[in-house]
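The structure appears right after this line, and notes come after that.
The values are calculated or read from the model by the stated rules, or taken from the named source; none is laboratory data. What you see is a predicted model, and the numbers here were worked out from it, not measured in a lab. Backbone-built Cβ (ideal geometry, glycine too); neighbour counts: all protein chains shown. The area values use the complete protein model at the heavy-atom level, side chains included, leaving out ligands, DNA and RNA. Shrake-Rupley method; radii C 1.70, N 1.55, O 1.52, S 1.80 Å.
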Amino acid sequence: MEYSSLKKIRFSTIQLLAMGFIATIFLGGILLTLPISNTQPIGFIDALFTATSAVCVTGLVTVVPAVQFTVFGKVILLILIQIGGLGVIACVTGFFIILKRKITVRERVIIQESYNLNTLSGIVAFVLKIIKGTFLVEGIGALLFAVVFVPEFGALKGIAYAIFHSVSAFCNAGIDILGDGSFTQYVRNPVINLTTMMLIIAGGIGFTVWNDLIGNFKKVKAKKLVWSKFFTRLSLHSKLAITMTVLLIITGTVFVFALEYDNAKTIGNLSFGEKIMASAFHSVSTRTAGFATVSQDGLTAGSKFLSCILMFIGGSPAGTAGGIKTTTAAMLILTCMTVVYGRRDTECFGRRIPVENFRTGFAVVMLALLFLTAGVTMLTIFEPGKDFLDLLYEAVSAIGTVGLSANLTPSLGFGSKLVVMSLMYVGRIGPITIALVFGGKKNPKEFTRELPEKRIMVG
């Protein structure tokens, strides 16, 4: 296939992703405004805000879903969350597979570009693995949630609640239908806490890491690989994503535990073990899930700032999480270490990371910071009387598609809602995707010129 054709397909892929999410959001907003979806009247801006939060798997809401929406409305909300978690491309592909429609070469290239895969081989099988794996993990999560919800709410309602919150947790959406306190009533419940954390991590680690882990498990089962070599045989991406995820969870847990230990508004009144569990839950949830077992408004300033850092980093690529991604953060840290130690190349696990990778990662971080700065600035204009740290918390939560809020979202004005919706959208499809939608993706070779090299002062 000629490069010019591929370039057109690549750009149309970016447009398809951007417009696909917009179309789904607006359709969801319209459906959520219908009388059949609501127990009481709702403004279109609030319905659209809720749809944006669901499709962008964020969790910020201006209404209380448990009170506002009927069963029909909650089903619509669940479908929007599932579409947002899987992604428009995977959902459309799955629909084509159900209809037994042949996936064309052009559509395969679109899927390849969407998941940043290196080959067209096995594209459809990869998407099927994503869909089957998603439903399997969500099913396991629903069964575990049902252990608590069925005795509490009864069989039918308990199962429905279990399914909804399993999907919401795996998709890192953070939207609940329990009330206005998220999971605070279950802060001492190990089943709810551990199940939710498992689902969040499973969804946020990324589908490509899943694929890599499953492949190695199969090799171990077939005795083609010994357990001692399991981790070393993973791809560099998987090693980096897993290592960074573990480090961030542990670091977040330790710092939240230390900062909130005596805070009666959060974990101060819990037992030692419950404090560790609540701290771990918050650390995991800030990795773009948005569920809360403690009051976010009651967090200390230190915990809020730490949470902003964790939310900005987010989860791993090709998953249901948002943020700049764990691998991007790890690569930039490694590059800094390379400069400090006077080395030439960025190295990790015995491999060299290409300069092109660093340039892309740097662009992602800078664009995310620019969008975040613009968003926070606009919020300070629209919400002049609000605490700056709470506004920052809200903005980072939105662009990181997290959903945690210091009790600020319900009181936002019209302009602030538009700002937060825009940040959620940018965070879900990626800041660099937004830039490419408007700027186009050019072939670097077309613009390469041999110019004289000249150094500038830095640092």
Odd one out for residue 316, checked against (1) in a helix (DSSP H, G or I); (2) open to solvent by less than 20 Å² (accessible area, probe 1.4 Å); (3) over 13 Å from residue 403 (Cα atoms)
(1)
Taking the criterion of being surrounded by 14 or more Cβ atoms within 10 Å (Cβ to Cβ), assigned to a helix (DSSP H, G or I) and not polar (S, T, N, Q), would at least one residue in segment 230-238 satisfy it?
yes
With the requirement that a residue be crowded, with 19+ Cβ neighbours inside 10 Å, more than 21 Å from residue 284 (Cα to Cα) and among the charged types (D, E, K, R), what does segment 378-403 give you?
383
Can you list residue pairs whose Cβ atoms sit under 6 Å apart, with the first residue in segment 202-224 being in a helix (DSSP H, G or I) and the second being among the small types (Gly, Ala, Ser) and open to solvent by 40 Å² or more (accessible area, probe 1.4 Å)? Count only pairs 6 or more apart in sequence or on different chains.
212/235
Residue within segment 250-273 that is touching an Asp or Glu at 6+ places or on another chain (Cβ under 6 Å) and not β-branched (Val, Ile, Thr) present
yes
From the options 45, 81, residue that is part of a helix (DSSP H, G or I) and buried (at least 21 other Cβ atoms within 10 Å of the Cβ):
81
Among the candidates 299, 332, single out the residue that is in contact (Cβ under 8 Å) with a residue 24 or more places away in the chain and either acidic (Asp, Glu) or in a helix (DSSP H, G or I) (or both).
332
Report, by residue number, each residue of segment 29-42 that is surrounded by fewer than 24 Cβ atoms within 10 Å (Cβ to Cβ), part of a helix (DSSP H, G or I) and not small (Gly, Ala, Ser).
30, 31, 33, 35, 36
Residues in segment 320-357 that are touching a helix residue (DSSP H, G or I) at 6+ places or on another chain (Cβ under 7 Å) and among the aromatic types (Phe, Trp, Tyr) total 1
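Here is a yes/no grid of residues against (1) within 28 Å of residue 169 (Cβ to Cβ); (2) open to solvent by 70 Å² or more (accessible area, probe 1.4 Å); (3) touching a Gly at 6+ places or on another chain (Cβ under 7 Å):
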position: 352; (1), (2), (3): no, yes, no
position: 365; (1), (2), (3): yes, no, no
position: 370; (1), (2), (3): no, yes, no
position: 405; (1), (2), (3): yes, no, no
position: 413; (1), (2), (3): no, no, no
position: 419; (1), (2), (3): yes, no, yes
position: 424; (1), (2), (3): yes, no, no
Considering only segment 372-388, I want to know if a residue exists there that is in contact with a Phe, Trp or Tyr (Cβ under 9 Å, 6 or more places away or on another chain), modelled with pLDDT of 90 or more and within 24 Å of residue 326 (Cβ to Cβ).
yes
Among the listed residues 293, 266, 338, which satisfies the condition of being surrounded by 15 or more Cβ atoms within 10 Å (Cβ to Cβ) and not in a loop (DSSP other than H, G, I, E, B)?
338
If you take the residues of segment 39-63 that are β-branched (Val, Ile, Thr) and in contact with a strand residue (DSSP E or B) (Cβ under 9 Å, 6 or more places away or on another chain), which of them is farthest from residue 296 (Cα to Cα)?
39
Within segment 202-229, restricting attention to residues that are loosely packed, with under 14 Cβ neighbours inside 10 Å and aliphatic (A, V, I, L, M), which residue is nearest to residue 283 (Cα to Cα)?
214
Kindly list the number of the only condition in (1) more than 19 Å from the chain's Cα centre (by Cα); (2) assigned to a helix (DSSP H, G or I) that fails for residue 343.
(2)
Residue list for segment 156-201, filter: open to solvent by 10 Å² or more (accessible area, probe 1.4 Å), modelled with pLDDT under 95 and small (Gly, Ala, Ser)
179, 181, 182
Restricting attention to segment 243-259, and to residues there that are more than 13 Å from residue 287 (Cα to Cα) and free of Cβ contacts under 8 Å to residues at least 40 places away in the same chain, which single residue is surrounded by the fewest Cβ atoms within 10 Å (Cβ to Cβ)?
258
Considering segment 263-298, residues that are touching a helix residue (DSSP H, G or I) at 6+ places or on another chain (Cβ under 7 Å) and of a type in the set (Lys, Arg), and then whichever is modelled with the highest pLDDT, we arrive at 275
Evaluate the following for residue 439: is it small (Gly, Ala, Ser), open to solvent by less than 100 Å² (accessible area, probe 1.4 Å) and either within 19 Å of residue 381 (Cβ to Cβ) or at pLDDT 70 or above (or both)?
no
Members of segment 51-75 found to be assigned to a helix (DSSP H, G or I), in contact (Cβ under 8 Å) with a residue 40 or more places away in the chain and open to solvent by less than 20 Å² (accessible area, probe 1.4 Å), listed by number:
52, 53, 54, 55, 65, 73
